[in-house]
1. On full extension of the chain, what length is gained from residue 58 through residue 98, given 0.36 nm per residue of separation minus the C-alpha to C-alpha distance?
2. What percent do you get for the relative contact order of the range 4-88 when only Cα pairs under 8 Å and 6+ apart count?
3. Run the helix sum for the chain: -39,500 (n - 2.57) per DSSP H stretch of 4+ residues, divided by residue count, reported at 222 nm to the nearest 500 deg cm²/dmol.
4. Among 31-42, 87-98, 61-72, what's the highest-first ranking by average C-beta atoms within 10 angstrom per residue?
5. In whole Å, what is the distance between the alpha-carbon centres of the range 54-98 and the range 21-52?
């Protein structure tokens with residue numbers, strides 16, 4: 001059975017902020033569209049290979065690296081929840097999840 005991808009409100013806001021930033025910075029939406037396609041393709045990859053990614057300090061939450069971003073997700077019986085997208089160039093002290101080393 002194929003699991004359904006569910007984006008949290010917070011993750012959708014993260015994604016929107018990132019895409020708006022690149023639209024504004026580049027004065028074009030070309031890069032933002034490519035980045036959005038990358039986010040979507042990685043969510044499909046997570047759906048197909050749910051054990052993909054690395055663990056965090058929270059045993060339920062994993063993350064995957066997408067270019068300069070970390071996508072945090074949680075696997076449930078019938079769904080995969082995308083929880084957060086983090087730009088790795090930001091201050092790591094503001095990161096919600098602690099990454100396992």
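Values in this text are rule-based calculations from the coordinates and carry no lab data. Predicted, not measured: the structure shown is a model, and the values here were computed from it. Virtual Cβ from ideal backbone geometry, glycine too; neighbours counted across all protein chains shown.
1. This chain segment gains 13.6 nm when fully extended.
2. It rounds to 34 percent for the range 4-88.
3. About -12500 deg cm²/dmol.
4. Highest mean packing first, the order is 61-72, 31-42, 87-98.
5. 15 Å
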